[in-house]
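Chemist: Shown below is the structure under consideration.
The values are calculated or read from the model by the stated rules, or taken from the named source; none is laboratory data. Small disclaimer: the values here were computed from a predicted structure and weren't measured. No Cβ is skipped: glycine too gets one built from the backbone with ideal geometry, and neighbour counts run over all protein chains shown.
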Amino acid sequence: MTVTKDEVGLHERLTPQLESVRVEMGILSKGKPDNPVNKFKIQHINQFLAEANILLGEAHVPLKGFVEFDESSLPTNSDVVMVLAQYLAGMNGANGP
């Protein structure tokens, strides 16, 4: 599999962004794991996940059938932490650039 310069750049930008959001959401999750995440945060998290889905490709997305969070039924803090952790593991695993 050939990795392009653009894919490497995306990986280098996106990985720390996802990690930063995971850390922030982890802090919220420790205090109130079942609280829903607000729509503003979900919109930005979904944007990061969309880029990660492109980078990983359909065959390597960490959660089969998951594309993004549904903004109409907001996920909980702990849901977001779990999904971000899986995406980070997938991006830092054997399939990452």
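Chemist: Filter the range 4-31 down to residues that are surrounded by fewer than 12 Cβ atoms within 10 Å (Cβ to Cβ) and either acidic (Asp, Glu) or part of a loop (DSSP other than H, G, I, E, B) (or both) and give me whichever is nearest to the chain's Cα centre (by Cα).
Modeler: GLU12
Chemist: Scanning the range 32-61 for residues that are in a helix (DSSP H, G or I) and in contact (Cβ under 8 Å) with a residue 40 or more places away in the chain, which turns out surrounded by the most Cβ atoms within 10 Å (Cβ to Cβ)?
Modeler: Going through the qualifying residues, I end up with LEU55.
Chemist: Can you tell me which of PRO36, PRO75, PRO16 is modelled with pLDDT of 95 or more, out of contact with any Leu (no Cβ under 9 Å at 6 or more places or on another chain) and farther than 22 Å from ASN92 by Cα?
Modeler: So the residue among PRO36, PRO75, PRO16 that is modelled with pLDDT of 95 or more, out of contact with any Leu (no Cβ under 9 Å at 6 or more places or on another chain) and farther than 22 Å from ASN92 by Cα is PRO75.
Chemist: Take the conditions touching a helix residue (DSSP H, G or I) at 6+ places or on another chain (Cβ under 6 Å), assigned to a helix (DSSP H, G or I), hydrophobic (A, V, I, L, M, F, W, C) and free of Cβ contacts under 8 Å to residues at least 40 places away in the same chain and apply them to PHE69. Does it pass?
Modeler: Answer is no for this residue.
Chemist: Can you find even one residue in the range 47-59 that is out of contact with any strand residue (DSSP E or B) (no Cβ under 7 Å at 6 or more places or on another chain), farther than 20 Å from GLU7 by Cβ and modelled with pLDDT under 95?
Modeler: For the range 47-59, residues out of contact with any strand residue (DSSP E or B) (no Cβ under 7 Å at 6 or more places or on another chain), farther than 20 Å from GLU7 by Cβ and modelled with pLDDT under 95: absent.
Chemist: Let me ask something else about it. Show the residue pairs meeting these rules: Cβ distance below 8 Å; 6+ apart or different chains; first residue within the range 7-18 and within 13 Å of TYR87 (Cβ to Cβ); second residue in a helix (DSSP H, G or I) and aromatic (Phe, Trp, Tyr).
Modeler: Once the first residue is within 13 Å of TYR87 (Cβ to Cβ) and sits in the range 7-18, its partners that are in a helix (DSSP H, G or I) and aromatic (Phe, Trp, Tyr) give LEU14/PHE48; GLN17/PHE48; LEU18/PHE48; LEU18/TYR87.
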